[in-house]
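The values are calculated or read from the model by the stated rules, or taken from the named source; none is laboratory data. Source: prediction; values computed, not measured. Don't worry about glycine lacking a Cβ; one is built from the backbone with ideal geometry, like all the others, and counts go over all protein chains shown. Accessible surface areas use protein heavy atoms only, side chains included; no ligands, DNA or RNA. Shrake-Rupley method; radii C 1.70, N 1.55, O 1.52, S 1.80 Å.
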Amino acid sequence: MTTGTVAKPSAAPKKAGRRKLTWPWILLIVAAGLVLFSLVRVVSGADDLTSVGQISGALQLAVPIAMAGLGGLWAERAGVVNIGLEGMMILGTWFGAWAGYQWGPWTGVVVGIIGGAVGGLLHAIITVTFNVNHIVSGVAINILAVGFTQYLSNFTFAEAEGGSSKQSPRIDKITDITIPGLSDWLIDLQQKHWFLISDLAGILGGLVTNLSLLTIVAALLIPATWWLLWRTSFGLRLRSCGENPVAAESLGVNVYKYKYIAVVVSGGLAGLGGAFLAIVSTGIYQEGQTGGRGYIGLAAMIFGNWMPGGMALGASLFGFTDSLKIRGGAENVHALLLLVALLLVIAALWQLYKKKYVVAAISAAFSAAFFIWYFLTDEVPSQFVDAAPYITTLLVLALSAQRLRMPKADGLPYRKGQGK
């Protein structure tokens, strides 16, 4: 009898996961994006696309969105969906302005945070303690915040000098920082309109010119959140409540406590975004001034895959688009058509490389449509200009939907002791 060697069954090939971006790749992508923006600016003649004023304005418009998005991240990482971010921002604008014009802007910031946190506490009571549907609770808070602030305005701002039932008196400004010498040099360099160099100078100049102290504080909250939630035992316990609260409870975690903390902090951050709108962006409270930024912040959080860095990138994108609309209007948004067309060309080539021919063909067809739209027109309709930030929101969410992973227990009902 001959003995044969029995071959061991080969192990099933592991499915290749999504590669994590390393810093060299991130820097390469940023550099490629800067080159693309510079090319679009030179071809379109929209020199304001990467100007110091444009970047400074985009940063100011991105902060309220980022704070709302960061608030949403805190709540949803603990398993609570916070649709009420818009209402909490409204509370932040009103209470921030109310305290700000009487006792100074920094007092207004603190009171605005408290106002948003109270809205977060109400959302926590409704959803965590009474287990009401999170969406229903959030919508109710949004409606309640609108009516409550309108009611308060009638006998506070309406009776104050310089105020009315729809707006507050003027609020003193928070100190702006400009680095002398460096700021002027970067502005001069940006105004020369050189390829790539002037664009880089415009971006850096926007970060060192007329920068509010509150902007710096808000920006620091993003890495602080990452460190607290991903590098501490407190953050591990909080995130476990959003992934598997039953398992967390079995390990001794007080799930209710961490959910309450997360949602109250969420409301406070949204309130900070609202206070920023009233005190820094406009210097005055105006009815309806949040303009849906709480919802856009929620979209930025989803775009960022429930991570602080990705959320900040999404908020910056929406702030940049909003600033384009304000500063250059039709000309700047028209230049975006060329940018979108070029991005779709890159997307089509990438899909061809991955042998996804149908998706590549669709991307190429849309790219051709945008090229035709750009070259056959000189400007875009005013309605499209006004809708550009919201269209950007929808497009970004549609394109990023396949790679998203929300916390597993996000929005699911939970009762203490249900795992026993």
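Scanning the stretch 204-214 for residues that are open to solvent by less than 10 Å² (accessible area, probe 1.4 Å) and modelled with pLDDT under 95 yields Gly205, Gly206, Ser212. Looking at the stretch 260-273, which of the residues that are of a type outside the set (A, V, I, L, M, F, W, C) and in contact with a His (Cβ under 9 Å, 6 or more places away or on another chain) is surrounded by the fewest Cβ atoms within 10 Å (Cβ to Cβ)? That would be Ser266. Restricting attention to the stretch 317-326, does a residue exist that is in a helix (DSSP H, G or I), aliphatic (A, V, I, L, M) and open to solvent by less than 40 Å² (accessible area, probe 1.4 Å)? Yes, the stretch 317-326 contains at least one residue that is in a helix (DSSP H, G or I), aliphatic (A, V, I, L, M) and open to solvent by less than 40 Å² (accessible area, probe 1.4 Å).
Taken over the stretch 274-297, the criterion of being part of a helix (DSSP H, G or I), more than 26 Å from Thr175 (Cβ to Cβ) and either touching a strand residue (DSSP E or B) at 6+ places or on another chain (Cβ under 9 Å) or open to solvent by less than 20 Å² (accessible area, probe 1.4 Å) (or both) is satisfied by Gly294, Ile296.
Restricting attention to the stretch 148-172, the residues being closer than 18 Å to Ala275 by Cα and assigned to a helix (DSSP H, G or I) number 6.
Only residues that are open to solvent by less than 60 Å² (accessible area, probe 1.4 Å) and over 15 Å from Trp74 (Cα atoms): list them for the stretch 304-315, please. If the condition is that a residue be open to solvent by less than 60 Å² (accessible area, probe 1.4 Å) and over 15 Å from Trp74 (Cα atoms), then Gly314, Ala315 are the ones that fit. Within the stretch 180-203, which residues are part of a helix (DSSP H, G or I) and either open to solvent by 80 Å² or more (accessible area, probe 1.4 Å) or closer than 25 Å to Trp98 by Cα (or both)? Answer for the stretch 180-203, where residues must be part of a helix (DSSP H, G or I) and either open to solvent by 80 Å² or more (accessible area, probe 1.4 Å) or closer than 25 Å to Trp98 by Cα (or both): Asp184, Trp185, Asp188, Ile197, Leu200.
Within the stretch 395-417, the residues that satisfy the criterion of being surrounded by 11 or more Cβ atoms within 10 Å (Cβ to Cβ) and either at pLDDT 70 or above or in contact with a strand residue (DSSP E or B) (Cβ under 9 Å, 6 or more places away or on another chain) (or both) are Leu404, Met406, Pro407, Lys408, Ala409, Asp410, Gly411, Leu412, Pro413, Tyr414, Arg415, Lys416.
Yes/no per residue for (1) over 30 Å from Ile125 (Cα atoms); (2) in a helix (DSSP H, G or I); (3) open to solvent by 10 Å² or more (accessible area, probe 1.4 Å):
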site	(1), (2), (3)
Gly53	yes, yes, yes
Ser56	yes, yes, yes
Leu61	yes, yes, yes
Ala68	no, yes, no
Gly79	no, no, no
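Scanning the stretch 202-215 for residues that are touching a residue at least 24 places away in the same chain (Cβ under 8 Å) and farther than 15 Å from Leu61 by Cβ yields Gly202, Ile203, Gly205, Val208, Thr209, Leu213. Only a single criterion out of (1) modelled with pLDDT of 95 or more; (2) of a type outside the set (S, T, N, Q); (3) more than 30 Å from Ala201 (Cβ to Cβ) is not satisfied by Leu152, namely (1). Could you please let me know if Ala97 is farther than 14 Å from Val263 by Cα, surrounded by fewer than 24 Cβ atoms within 10 Å (Cβ to Cβ) and in contact (Cβ under 8 Å) with a residue 24 or more places away in the chain? Here the answer is no, as Ala97 does not meet what is asked. The selection criterion, being open to solvent by less than 10 Å² (accessible area, probe 1.4 Å), of a type outside the set (D, E, K, R), in contact (Cβ under 8 Å) with a residue 40 or more places away in the chain and part of a helix (DSSP H, G or I), does not hold for Trp106.
Only one entry of Ile177, Ile171 meets the criterion of being modelled with pLDDT of 90 or more, under 19 Å from Ser281 (Cα atoms) and surrounded by 19 or more Cβ atoms within 10 Å (Cβ to Cβ), and that entry is Ile171. Taking the stretch 216-259 as the range and being over 30 Å from Val35 (Cα atoms), in contact (Cβ under 8 Å) with a residue 12 or more places away in the chain, open to solvent by 60 Å² or more (accessible area, probe 1.4 Å) and of a type outside the set (D, E, K, R) as the test, the residues that pass are Asn244, Ser250.
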